[in-house]
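Novice: Sharing a structure, written as structure tokens. Questions coming.
Every number here is computed from the coordinates shown, using simple stated rules; none is lab data. The shown structure was predicted, so the numbers you read here are calculated from the model rather than taken from an experiment. Here the Cβ is made from the backbone with ideal geometry for all residues, glycine too, and neighbour counts use every protein chain on show.
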Ligand SMILES: [Zn+2]
């Protein structure tokens with residue numbers, strides 16, 4: 001006697017009926033559709049974030065060209081360019097200073113509302 005394989009839906013956690021395709025990870029067409037929608041939303045979010053990171057990196061580039069890492073840049077100058085402070089690609093340590101990474105550039109934010117821009 002062949003034991004039926006017990007499988008659970010990766011979306012809702014319910015048992016996957018035996019009449020579903022043997023490789024199916026979903027209990028129903030609804031859950032299959034929900035999974036596609038979730039993936040599409042995640043993909044859209046990633047693309048949108050990437051556009052912001054590219055824009056941030058472009059702003060850092062413009063200021064780096066002007067002052068390199070030699071001068072502090074007032075944060076309000078980046079605010080004026082619509083710099084997005086909540087999105088980045090990670091942290092990095094440069095010359096023992098913690099910095100926030102974009103693509104080609106990173107920045108360190110100081111308490112006096114200025115920053116130093118680093119070329120990576
Ligand atoms: Zn389900």
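Novice: Taking 8 Å as the Cα distance limit and 6 or more residues as the minimum spacing, I'd like the relative contact order of the range 53-119 as a percentage.
Specialist: Relative contact order comes out at 40 percent.
Novice: OK, next. Which length gain, in nm to one decimal place, applies between residue 85 and residue 28 when the Cα-Cα distance is subtracted from 0.36 nm times their residue separation?
Specialist: Extra length from residue 85 to residue 28 when fully extended: 16.4 nm.
Novice: Let me ask something else about it. Hey, any idea what the orientation-averaged projected area of the convex hull of the chain's Cα atoms comes to, in nm²?
Specialist: Details: hull surface 46.8 nm².
For the Cα atoms of the chain, the hull's average projected area reads 11.7 nm².
Novice: With no solvent and one equal point scatterer placed on each C-alpha of the range 53-119, evaluate the Debye formula and give log10 I(q)/I(0) for q = 0.15, 0.26 Å⁻¹, two decimals.
Specialist: Treating every Cα as an identical point scatterer, log10 I(q)/I(0) equals -0.38, -1.30.
Novice: Can you give me the Cα centroid spacing of the range 7-21 and the range 39-76 in angstrom?
Specialist: 43 Å
Novice: Just from its helices, what would the mean residue ellipticity at 222 nm be for the chain, if runs of 4 or more DSSP H residues each count -39500 (n - 2.57) and the sum is divided by every residue, rounded to the nearest 500 deg cm²/dmol?
Specialist: It lands at -13000 deg cm²/dmol.
Novice: Rank by packing, highest mean first: peptides 102-110, 16-24, with packing defined as the count of other Cβ atoms within 10 Å averaged across residues.
Specialist: Order by mean packing, descending: 102-110, 16-24.
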